[in-house]
1. Considering each residue of the stretch A:54-75, count those that are over 18 Å from A:E87 (Cβ atoms), of a type in the set (D, E, K, R) and more than 7 Å from every other protein chain (Cβ to nearest Cβ), and give that number.
2. Being open to solvent by 90 Å² or more (accessible area, probe 1.4 Å) and at pLDDT 70 or above is the filter here; which residues of the stretch A:174-195 pass it?
3. Among residues belonging to the stretch B:54-63 that are of a type outside the set (D, E, K, R) and open to solvent by 30 Å² or more (accessible area, probe 1.4 Å), point out the one that is farthest from the chain's Cα centre (by Cα).
4. Given the conditions (1) out of contact with any strand residue (DSSP E or B) (no Cβ under 7 Å at 6 or more places or on another chain); (2) at pLDDT below 90; (3) farther than 25 Å from A:L64 by Cβ; (4) open to solvent by less than 70 Å² (accessible area, probe 1.4 Å), which single one is not true for A:S155?
5. Given the structure, is A:M79 at pLDDT below 95, assigned to a helix (DSSP H, G or I) and open to solvent by 20 Å² or more (accessible area, probe 1.4 Å)?
6. Considering only residues that are touching a residue at least 60 places away in the same chain (Cβ under 8 Å), over 28 Å from B:E40 (Cβ atoms) and of a type outside the set (D, E, K, R), which ones fall in the stretch A:36-93?
7. For the stretch A:31-53, indicate whether the set of residues that are open to solvent by 80 Å² or more (accessible area, probe 1.4 Å), touching a strand residue (DSSP E or B) at 6+ places or on another chain (Cβ under 9 Å), within 24 Å of B:K6 (Cβ to Cβ) and more than 7 Å from chain B (Cβ to nearest Cβ) is non-empty.
8. Of the residues in the stretch A:163-173, how many are open to solvent by less than 40 Å² (accessible area, probe 1.4 Å) and either touching a helix residue (DSSP H, G or I) at 6+ places or on another chain (Cβ under 8 Å) or modelled with pLDDT under 75 (or both)?
Protein chains: 2
Amino acid sequence: MHYYPKPILDLIDCIAKLPGIGVKTGERLALHILKSPKAEAEKLARSIAMVKEHIRFCSKCFGLSDKPVCDICENPARMPHVLCVVEQPADMVAIEKSGAFRGRYHILQGVLSPMDGVGPDKIRIRELLDRLHEEKTEEVILATGTSLEGETTASFLSDRLKESGVRITRIASGVPIGGDLKYIDQVTLKRAMEGRYAL
Amino acid sequence: MHYYPKPILDLIDCIAKLPGIGVKTGERLALHILKSPKAEAEKLARSIAMVKEHIRFCSKCFGLSDKPVCDICENPARMPHVLCVVEQPADMVAIEKSGAFRGRYHILQGVLSPMDGVGPDKIRIRELLDRLHEEKTEEVILATGTSLEGETTASFLSDRLKESGVRITRIASGVPIGGDLKYIDQVTLKRAMEGRYAL
């Protein structure tokens, strides 16, 4: 690969390191960026810098935000007493797209995975318990994935929350077992949300 | 798509605009960049800026370079009297990888395409003719693609160069008809280079 000038090799290298992108696609994209208008390339570079600089975690739900508290947590039109617990920000976005939920979210930023050394103190469970207290939550919908870890996390949370007296529900298994929430189609997600059952 | 904070939406948008990348992959890559170490993301952003800032065309061969004259044109070990004419920088790189050619290149930066209004004055033919004169070229290898436009360009150049007395060759049609040079495997390219015939 020493056939391009160094700045191009550096760019190919950076792009090829992204997940699911190899050297061939890296070469193709680097040459595209090289040919595209300067303003467009600058916008891409700036967007990358902006994301790293301005995105933080919402101090309430731990989703992604460019403000201390995110739009959903701040929105008075969202039901304040129903919390939907998900693994990752992308899972929250998938549920939002389905339009089946009008409450608020809590993003765990992970799942319990004893094999990988991820215990309850490594994900945002403490913060969830604090919120139930402060926000007078009436229902917690457990919308972690249906993978082994997702199921384990849901049943761990169910046990942990039982004594709080809050209604605990789990999204229905319209979601195929073993699936990753963010790749599920919106109709299935809507079904799962509607078919949730008490634990 | 109004479910992510604006800086993330901007980044997804920029990535999704790249050729062959859609919104789904844009989302996946944007979230990866968000999670990756800051130094890595900065390196990517900087690489994009560097490429736009430092890459220019070599003043001799019109390939990509970060200096006024590129490494290959400056390399005294390359045969100075054999020129390989290609459409694009990526085609040159494909031939370099095959290791079948030790001369120098001339990058046309396009092909003749009357349908798209690309005539002889829109690609670097004038500059090729000047080089033949200045560099005492003995052989010109026409290594444009085997698409209709590539073949047309090769035969146009062949006619145009005939009177110069230079030996004119065309890479052998080991390259499948309709193919794009930069995607051909190295063995086929090597065969095509070795099997070149006089026009």
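The values are calculated or read from the model by the stated rules, or taken from the named source; none is laboratory data. Everything numeric in this text was worked out from a predicted model, so none of it was measured. Note that we place each Cβ from the backbone using ideal geometry, even for glycine, and neighbour counts take in every protein chain shown. Side chains are part of the model used for accessible areas, which takes the heavy atoms of the whole protein and leaves out ligands, DNA and RNA. Shrake-Rupley method; radii C 1.70, N 1.55, O 1.52, S 1.80 Å.
1. 4
2. A:Y183, A:Q186, A:V187, A:E194 - these are the residues of the stretch A:174-195 that are open to solvent by 90 Å² or more (accessible area, probe 1.4 Å) and at pLDDT 70 or above.
3. B:H54
4. (2)
5. Values: at pLDDT below 95: yes; assigned to a helix (DSSP H, G or I): no; open to solvent by 20 Å² or more (accessible area, probe 1.4 Å): yes.
No; evaluated as a whole, the condition is false for this residue.
6. Passing the criteria: only A:V85.
7. Within the stretch A:31-53, none of the residues are open to solvent by 80 Å² or more (accessible area, probe 1.4 Å), touching a strand residue (DSSP E or B) at 6+ places or on another chain (Cβ under 9 Å), within 24 Å of B:K6 (Cβ to Cβ) and more than 7 Å from chain B (Cβ to nearest Cβ).
8. Number satisfying all stated conditions: 5.
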